[in-house]
Amino acid sequence: MNVRAPIILLLALAATAPAWAQDASKVDDTAINKRDRHAESLTPMDQPNNADDIRVAAAVRKALVADASLSTSAQNVKLVAAKGTVTLRGPVKTEEEKARVEAIVKGVAGVTSVQNQLDIKH
């Protein structure tokens with residue numbers, strides 16, 4: 001049996017990276033993860049449990065999901081509504097989509113300000 005043929009085939013496959021392989025430098029989320037672990041960063045677990053804040057959070061989510069022009073990522077961003085301020089976090093596709101999400105949220109009744117911490121996907 002020729003042992004060299006499978007080895008040569010494996011080397012050839014390894015040398016030609018598939019088109020779908022990601023560049024490792026584009027998936028380094030170290031800075032984002034560090035920011036997200038900071039004690040002052042809000043997470044969905046920080047969502048207040050009072051009726052007004054829950055109502056605003058639900059209305060924001062409903063408005064985002066209703067906009068079919070947004071990507072699934074944008075429709076599912078993390079959000080925290082507290083005392084009229086909505087904090088947005090998570091990935092969106094483009095700078096335009098980031099601005100669109102913020103504009104939608106600002107248009108929801110009960111929202112007085114938006115902390116837009118959305119990240120552009122690479």
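Quick note: the coordinates plus some simple rules give every number you see, no bench work behind them. Just so we're clear, the structure is a prediction, and the values are computed from it rather than from any experiment. Cβ atoms come from the backbone with ideal geometry, glycine included; neighbour counts cover every protein chain shown.
Taking other C-beta atoms within 10 Å as the exposure proxy, Val65, Val111, Val80, Val105 rank Val65, Val111, Val80, Val105 from fewest upward.
Among the trypsin sites (Lys or Arg not before Pro) within segment 53-122, those in coil by DSSP and having at most 14 neighbouring Cβ atoms inside 10 Å are Lys83, Lys93, Lys121. Could you work out how much longer the chain between Asp67 and Asp46 gets when fully extended? Use 0.36 nm per residue separation minus the Cα distance between them, nm to one decimal. Stretched out fully, the Asp67 to Asp46 stretch lengthens by 5.0 nm. Segment Asn76..Glu96, full-extension length gain: 5.6 nm, with 0.36 nm per residue of separation and the alpha-carbon distance subtracted.
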